[in-house]
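Report on the following structure.
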Amino acid sequence: RQHLDVDSKILDQDGDVYRLDPDIVSADLWDFQSALAAAARAGDDDEARSALRWAAEAYQGDLAETSGWIWLEPVREDLHRRAVDAHLRLAELEERSGDLPAAEGVLEKVIDLDRYAEEPYRRLMTLQARQGRTDAVKVIWRRLQRRLVELDLDPDPATARLYRDLVVDESAA
C-alpha cells in the first residue's frame, strides 16, 4: 500500500484502487458501522452499551436522505433499520443498568428516527408506567395517535391494549 503524494494526502493507493485515508478523513457512516461492529464483539453489557452509545451518536439520519438515487434506497433502509435496532438495544441496556432517564432519552430518539414504528412508543410507555408516570404515558399515547392519523391509521390493537392496561393499572394503584 502506498500513500499518494499529493498536497492534501487524503488518498491511499492500493494497486489501481484509490481510497480516502481513514486516518485523515472520517465519516459518520464509517463511525456508525465501526460502533455496530464493536457492539457485536462486546464481551459484556457495559461494553455493548458504550459501543451502542457511540453508534447512536454517530447515526445522524438517513444516508443521503435528500438524494433521489433509487439504487441507494435498499442501503438507506438497511442502515435505518440497523440504527433503530441499535437504539432499541441501547435503551434496553440502559434500563437494565438502572439508568432510566438515559433509556427514556434513547427511546425518544428512536421515536424521532421512526415516528410511525409503534415498538418504541410501547417501550417508552411501559418504562414511564413502571415509574408511576401515568401523565407521561398519556402524552406518548396521544403523540402516537396523532402521528398515525397522518397515515390514516389507528394504533395496533396490542398497543391500544397495552395503553389501557398501563393507565388502568396505574389509576387503580
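The values are calculated or read from the model by the stated rules, or taken from the named source; none is laboratory data. All values reported here derive from a predicted model rather than from experimental measurement. Cβ coordinates were reconstructed from backbone atoms using ideal geometry, including for glycine residues, and neighbour counts include every protein chain displayed. To get the accessible areas, we keep the full protein, side chains included, count just its heavy atoms, and leave off ligands, DNA and RNA. Shrake-Rupley method; radii C 1.70, N 1.55, O 1.52, S 1.80 Å.
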Measuring from its Cα centre, the chain shows a charge dipole (+1 at each Lys and Arg Cβ, -1 at each Asp and Glu Cβ) which, in debye to the nearest 20, is 760
Expressed in square angstrom to the nearest 10, the accessible area of Y163 with a 1.4 Å probe stands at 40
Rounded to the nearest whole number, the per residue volume of the convex hull around the C-alpha atoms of the chain in Å³ is 156
Correct response: the longest run of the chain lacking exposed GluC sites (Glu not before Pro), defined by DSSP loop and at most 14 other Cβ within 10 Å, is 66-149
The answer for region 25-109, accessible area per residue at 1.4 Å probe in Å², is 56
So, with points 7 Å from each Cα along the Cβ direction, the L153-L72 label distance in nm works out to 2.5
In region 1-160 the accessible area split gives carbon plus sulfur, as whole percent at 1.4 Å, a share of 49
Given a Förster distance of 22 Å, the FRET efficiency implied by the Cβ-Cβ spacing of V168 and D85, rounded to the nearest 0.05, works out to 0.10
For region 77-157, the Debye formula with one identical point scatterer on each Cα and no solvent gives log10 I(q)/I(0) at q = 0.12, 0.14, 0.20, 0.21 Å⁻¹ as -0.33, -0.45, -0.88, -0.96
In order over region 42-49: 3J(HN,Hα) from phi, Karplus 6.51/-1.76/1.60, θ = phi - 60°, whole Hz, x for each Gly or Pro, gives 4, x, 8, 4, 5, 5, 4, 4
In Å², rounded to a whole number, the accessible area per residue of region 116-160 with probe 1.4 Å is 53
Of D46, D14, D99, the most mobile residue in a GNM of the chain (C-alpha springs, cutoff 10 Å) is D14
L153 neighbourhood, Cβ < 11 Å, K/R = +1, D/E = -1, net charge -4
Along region 85-91, Karplus-curve 3J(HN,Hα) (6.51, -1.76, 1.60; θ = phi - 60°) to the nearest Hz, with x for Gly and Pro, reads 4, 5, 5, 4, 5, 4, 4
